[in-house]
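Chemist: This is the structure I want to talk about, given as structure tokens.
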Amino acid sequence: MERLNVALLGAGTVGTQFLKLLSEREDRFEALATTVNLTGILVRNPERERPEWVPKNLLTTDAEAVLRDAEVVVELMGGTGRALELVDYALGEGIPVITANKALLAEAWDDLKPYAEDGMLYYEAAVMGGSPAVEVMAGSLRGNYPLELHGVLNGTTSYILSRMEAGHSFGEALAEAQEKGYAEADPLFDVAGIDAAHKLTVLARLIADPEFPWEEVRANTKGITHLKADEVMQAADRGTPIRLVASLYGEEGRWRAKVRPVKVPKGHPLATPGVQNAIFFRGDAVGEVVLTGPGAGGLATAGAVLADLFRLIEGYPGHSPAPAPVPAPAGPFLELEEV
Ligand code: HSE
């Protein structure tokens, strides 16, 4: 058996469920002739009450101790402050990183891109939570020139809109989404569209342009806070429910990205219920492809983190950006009415 030293940064919603899956999947690691040895679990408060499967003796606030003998770092702390320092340090030391941190990927790309190009960054969990998106875009669909992509990439806003359609208030629905572990630590990131913009930026770099600028996506992002309850209900009654959609398409010879609430055309797969996410992709070779599945939640997302760990153990590199910019396509594109 190979012993693999894994450092876990963060034991919040996703980190706790990742530890649960680690404790339940010994057979899978055995089949890969590997024993995972956790070097430590970096947390803010080791005294906080946690489920029984969390090894309490490994909880620490000492980042140096956790990273000292690490051969792989799993970063699930989120944010772009301390997480960036630690991820940067690990990568600089030649230690591969698995992360679900879309904010970090979107906003600190100048630092991270060289490592992603070297296959040292694994980030399936960063987009669409537990459902496949990153590996599909970075691999399966790379034989295509992308023509357009539209995604419902934030589970919290979909959940809120679905609940508002059923007559619940915005505040009530947001509180439920927080309780279920869907929302970001600061839910403004969800409802203002920033989380969806982070994810669209990651996707754009995988399929269209490895340098796609975060600032451009951010500048073209609008959230759902201005929507009125009766407007949301009426749109759903008419069969064109409102969803926060992130789009990538061509305009005047350039790639464009934007995030905004739209009325989804009748019967279109982007009309996702609850926490479901969806991506509608059109490529020049394959035509239309739809990916759909849970886009948030601790356990679902932890499944994707674990998949990255298996991938790494099996010797596959991480997710690399598009090798070069792809020419921006001319329309026509899916018509989506903004609200
Ligand atoms: N807050 C995010 C969402 C979590 O609601 O989609 C998953 O990235």
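Every read-out reported here was derived from the displayed coordinates using simple, explicitly stated rules and does not represent laboratory data. All of these numbers come straight from a predicted model, not from anything done at the bench. Quick reminder, even Gly has a Cβ in these numbers, built from the backbone with ideal geometry, and neighbours come from all protein chains shown.
Chemist: Could you grab the relative contact order for segment 260-339? Cα pairs under 8 Å, six or more apart, rounded to a whole percent.
Modeler: Working: 58 pairs, mean separation 28.2, N = 80.
Once normalised by length, the contact order is 35 percent.
Chemist: Additional query: Among the trypsin sites (Lys or Arg not before Pro) in segment 196-231, which ones are in a DSSP loop with at most 15 other Cβ atoms within 10 Å of the Cβ? Mind listing them?
Modeler: Filter output for segment 196-231: 228.
Chemist: Relative contact order for the chain using alpha-carbon pairs under 8 Å, separation at least 6, rounded to a whole percent?
Modeler: Numbers: 751 pairs, mean separation 76.0, N = 339.
This gives 22 percent for the chain.
Chemist: Return the subset of 180/222; 180/228; 20/56; 102/258; 228/263; 20/113 for which the Cα-Cα distance in this structure is over 21 Å, preserving the input order.
Modeler: As for pairs spanning more than 21 Å Cα to Cα, those are 180/222; 180/228; 20/113.
Chemist: Next question, about the same structure. Give, in nm to one decimal, the length gained when the segment between residue 229 and residue 2 is fully stretched (0.36 nm per residue of separation minus the Cα-Cα distance). Each step should come with its number before you reach the end.
Modeler: Values: separation 227, 0.36 × 227 = 81.72 nm, distance 5.58 nm.
Here the answer is 76.1 nm.
Chemist: Continuing with this model, one more query. Near the amide H of residue 277, under 5 Å away, which other amide H atoms are found, from residues 5 or more places off or on another chain, if H is placed in the peptide plane?
Modeler: HN-HN under 5 Å from residue 277: 293, 295.
Chemist: Span-like helices, the chain: DSSP H, alpha-carbon axial extent 18 Å or more, mean Kyte-Doolittle 0.5 or greater, which ones?
Modeler: Helix filter hits for the chain: 194-207, 298-313.
Chemist: Using Cβ counts within 10 Å as a stand-in for footprinting exposure, how do 128, 164, 233, 1 rank, fewest first?
Modeler: Details: 128 31, 164 24, 233 16, 1 9.
Exposure proxy ranking, most exposed first: 1, 233, 164, 128.
Chemist: Loop only by DSSP, 15 or fewer other Cβ within 10 Å of the Cβ. Give me the GluC sites (Glu not before Pro) in segment 215-284 that pass, ordered by residue number. Write down the numbers at each step before the final one.
Modeler: On the way: sites: 215, 216, 231, 251, 252; in loops: 252.
Answer by residue number: 252.
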